[in-house]
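The values are calculated or read from the model by the stated rules, or taken from the named source; none is laboratory data. Keep in mind it's a predicted model, so treat the numbers as computed, not measured. Note that we place each Cβ from the backbone using ideal geometry, even for glycine, and neighbour counts take in every protein chain shown.
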Amino acid sequence: MNILKTSISVLLIFLKKMKIANELITPKSIVVVGGTDNIHAPGGKVLKNLIDGNFNGPLYIVNPKKDVIQNIKVHSTVEDLPQVDLAIMAIAAKFIPDAVKTLTEQKGTKAFIILSAGFSEESHEGAELEAQIVEQINRYEGSLIGPNCIGVLNTNYNGVFTTPIPTLDPKGVDFISGSGATAVFIMESGVPKGLTFNSVYSVGNSAQLGVEEILEYLDETFDPITSSKVKLLYIENIDKPEKLLKHASSLIKKGCKIAAVKSGGSEAGSRAASSHTGALASPDKAVDALFKKAGIVRCHSREELTTVASVFMHQELTGRRIAVITHAGGPAVMLTDALSNNGLEVPPIKGEKADSLLVKLFPGSSVANPIDFLATGTAEQLGDIIDAVNNDFDDIDAMVVIFGSPGLFPVYDVYNLLDEKMKTSRKPIYPVLPSIINVADEIQHFLAKGRINFPDEVLLGRALAKVYYTDKPQVEGPMDLDIDVNTIRKLIDEAPNGYLSPENVVRLLDATKINRAGEAIVITEDEAVKQALTLGLPVVMKVVGPVHKSDVGGVVLNVKDEDKVRFEFNRMMQIKDTSAILIQPMLSGTELFVGAKREDKFGHMVLCGLGGIFIEVLEDVNTGIAPLSEIEVSQMINSLNSYKIIQGVRGQEGVNEAHFNEIVRRVSQLVKVAPEIFEMDLNPLLGTAKKVTAVDARIRIEK
């Protein structure tokens, strides 16, 4: 009962607007509870990092066993401390609740970083301790990072017990990680490239503040002049997708760029499901859709994340056409492949101006693109090439310069020239300096100027494409399509859990104003003939009951006469689980698919693509999170691999895209009005140049 009361108390406090205490970001004083001389222990190492970082304020230590630690006078208990802003805790979990109570009630402490493990990640008892701590800190409107984390690092203090401590720069990256160890590995990936950091938040168990809350803070305190414009996220669990979407898209609209790794996407997302949508709409697809809607560049590895971040730190790529400038053929070929295979271009360069450039290079050079100025190429020649690409070749949007060394001579002159040209270039220049051993000193000299290196040209090529093709967040369109909300709600409220009856499916589609084929449901042979004649032969006959009709022989096309209607009716009624026969006029057109699936925490995913049997063979569907704007749906349709079929290919009639788009948006609006819809399939819809018509639908309710 106590844990229940505690949980309710914590929940009630969280219903208030959670604000991050200033003391967490800019503390005037810090205490390390559990500080030690042992710099191989968290309490000793975090203390050393604080000292080495020249924290500008009083630094206290609590340790009952020593009087002086790392040349700082020690307090034996927290009761002996003066007033202190931030407490970094590195003691056993069982002692922390009492220490937090004293600090909040007697010492005015508003910010806490708990490095210690032994909480909710380990046991039920640990979870109870964690809840007590959160309740206590919330009561005093404080802020908590952790427990079970590496800490916080920013330009004010080095509150982590790990290395490396990267170069801290207000214009560097803001990095939020759900994993402490992974935060270290990502920093280790970024630092050698020259990536700098403004802040690092390792949220650990996210007992109070998680990735979403830190992102909210960065959004609400964003200053277009002083704030970092690059945010990196490492996420293991998305607990508040709406908050993540709101603040990520807000930051991006303010001029920021965000990249994220969401791990744990390989679970059996295509678990056994009773609809096409259920099988296709895995939780990982929901993450993809969320990131796409927010404008977040999704990455799948540490190296990819830091490479994308490095791209962010350069001028923005505004076109697809890249010049590859190199003195080594192999890397240029691999880069050209990486760019071309991911939708960017390495267009040929020719004409009088190209010929003029070639004259300035050594014999055997090429300017065709890649621009190869040979292993003997000089800094002066590189400067001529960059100037020409900037001024003479309008069909080039950016350039990559590949320049390594066999170690025979220094290349300071080349890298110094590259730095100077990057200061004035109208077009982005991405340096690939692969000789990280042979010319390590020269590369460090280059990085010391504030530059970033891309040591792997293929990773750069892929990252450039990923950044270029990640759309900016769209302005959310109004849900203004004309649907009959009252009828929809009445149907949903009266419906039991499970699949809607065919009659109610029809009523729901009509209330949503989704164009559908005429149909009749019959249970006798004579009624089947009567309705077939009324609808107009030829007709389609389908079983009512079995889930996958085609698999059991429950769909017959092009039934042309009365005798065939009678024969098929009697045959199909013998199929297991069949309760009736659905009759529809025989229509033609391109088979399309629209579906919806409610995903835990994310709301509804809406899917579209080719339908019929193609949905299982090609699985060519795109996913968005409701509500969807007209532009978002257009992007979903246009980026299908099968889009040329929808446009019409080789003389075949295309699909009315505007009508297809409208139906997707109507489904998006329907699931917002009726969130009880768990799964929904419109498969197939038949699309022609005039209209798109729903032929079959299944809708499952889970309240």
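Pick from LEU481, LEU509: which is surrounded by 13 or more Cβ atoms within 10 Å (Cβ to Cβ), modelled with pLDDT under 95 and touching a Lys or Arg at 6+ places or on another chain (Cβ under 9 Å)? If you could, list the steps in order and put the result at the bottom.
Working: LEU509 fails: modelled with pLDDT under 95.
Unique residue meeting the criteria: LEU481.
Got a sec? Which helices (runs of 4 or more DSSP H) wholly within segment 194-285 have at least 3 residues that are over 28 Å from PRO455 (Cβ atoms) and at pLDDT 95 or above?
Once the helices (runs of 4 or more DSSP H) in segment 194-285 are filtered for at least 3 residues that are over 28 Å from PRO455 (Cβ atoms) and at pLDDT 95 or above, what remains is 211-220, 241-253.
Say we look at segment 418-435 and pick out the residues that are β-branched (Val, Ile, Thr) and crowded, with 17+ Cβ neighbours inside 10 Å; which of these is nearest to GLY407 (Cα to Cα)?
Step by step, filter segment 418-435, then rank; the result is VAL432.
Counting only residues that are among the aliphatic types (A, V, I, L, M) and out of contact with any helix residue (DSSP H, G or I) (no Cβ under 8 Å at 6 or more places or on another chain), how many does segment 419-438 have?
Residues that pass the stated criteria total 2.
Which ones in segment 533-548 are under 19 Å from ILE523 (Cβ atoms) and either in a strand (DSSP E or B) or in contact (Cβ under 8 Å) with a residue 60 or more places away in the chain (or both)?
Answer for segment 533-548, where residues must be under 19 Å from ILE523 (Cβ atoms) and either in a strand (DSSP E or B) or in contact (Cβ under 8 Å) with a residue 60 or more places away in the chain (or both): VAL539, VAL540, MET541, LYS542, VAL543, VAL544.
Where residues in segment 7-51 are of a type in the set (D, E, K, R) and farther than 18 Å from SER76 by Cα, which of them is modelled with the lowest pLDDT?
Step one: filter segment 7-51 for residues of a type in the set (D, E, K, R), giving 16-17, 19, 23, 28, 37, 45, 48.
If we keep only those that are farther than 18 Å from SER76 by Cα too, we end up with 16-17, 19, 23, 28, 45, 48.
Details: LYS16: 45, LYS17: 51, LYS19: 80, GLU23: 97, LYS28: 98, LYS45: 98, LYS48: 98.
Step by step, filter segment 7-51, then rank; the result is LYS16.
Among the numbered conditions (1) in a helix (DSSP H, G or I); (2) touching a residue at least 24 places away in the same chain (Cβ under 8 Å), tell me where ILE396 comes up short.
The single condition ILE396 does not satisfy is (1).
Looking at segment 122-133, I want the residues that are closer than 13 Å to GLY146 by Cβ and have a partner that is crowded, with 17+ Cβ neighbours inside 10 Å and of a type in the set (S, T, N, Q) with Cβ atoms under 6 Å, at least 6 apart or on another chain. Which pairs are those?
Within 6 Å, the pairs are GLY126/SER120; GLU130/SER120.
So which of TYR469, TYR412 ends up being more than 19 Å from SER189 (Cα to Cα) and not assigned by TED's automatic domain parsing to the domain that holds THR376?
The unique qualifying residue is TYR469.
Select from segment 486-506 the residues that are surrounded by 13 or more Cβ atoms within 10 Å (Cβ to Cβ) and assigned to a helix (DSSP H, G or I) and list them in ascending order.
Across segment 486-506, the qualifying residues are THR487, ILE488, ARG489, LYS490, LEU491, ILE492, PRO502, ASN504, VAL505, VAL506.
Within segment 104-137, work out how many residues are in a loop (DSSP other than H, G, I, E, B) and either among the hydroxyl-bearing types (Ser, Thr, Tyr) or at positive phi (or both).
6
Among the residues that make up segment 559-571, is at least one of them under 17 Å from VAL695 (Cα atoms), surrounded by 14 or more Cβ atoms within 10 Å (Cβ to Cβ) and at pLDDT 95 or above?
Yes: one or more hits.
With respect to PHE614, determine if the residue is under 30 Å from VAL522 (Cα atoms), among the aromatic types (Phe, Trp, Tyr), outside the structural domain of PHE569 (by TED's automatic domain parsing) and at pLDDT below 95.
yes
I want to confirm something. Restricting to segment 418-440 and keeping residues that are charged (D, E, K, R) and touching a residue at least 12 places away in the same chain (Cβ under 8 Å), which single residue is nearest to ILE385 (Cα to Cα)?
Top of the filtered list is LYS421.
Please give the number of the condition ASP563 fails out of (1) touching a strand residue (DSSP E or B) at 6+ places or on another chain (Cβ under 9 Å); (2) over 25 Å from SER501 (Cβ atoms); (3) assigned by TED's automatic domain parsing to the domain that holds ILE521.
Here ASP563 meets the rest and fails (1).
Filter segment 437-473 for residues that are hydrophobic (A, V, I, L, M, F, W, C) and farther than 15 Å from VAL308 by Cβ and give the result. Lay out the reasoning, then the answer.
Within segment 437-473, the first condition is being hydrophobic (A, V, I, L, M, F, W, C), and the residues that meet it are 437, 439-440, 443, 446-448, 452, 454, 458-460, 463-465, 467.
Answer for segment 437-473, where residues must be hydrophobic (A, V, I, L, M, F, W, C) and farther than 15 Å from VAL308 by Cβ: ILE437, VAL439, ALA440, ILE443, PHE446, LEU447, ALA448.
Can you find a residue in segment 186-197 that is without any contact (Cβ under 8 Å) to a residue 24 or more places away in the chain and under 30 Å from LYS285 (Cα atoms)?
Start the filter on segment 186-197 by keeping residues that are without any contact (Cβ under 8 Å) to a residue 24 or more places away in the chain, which leaves 187.
Still in the running and under 30 Å from LYS285 (Cα atoms): 187.
Yes - at least one qualifying residue is present in segment 186-197.
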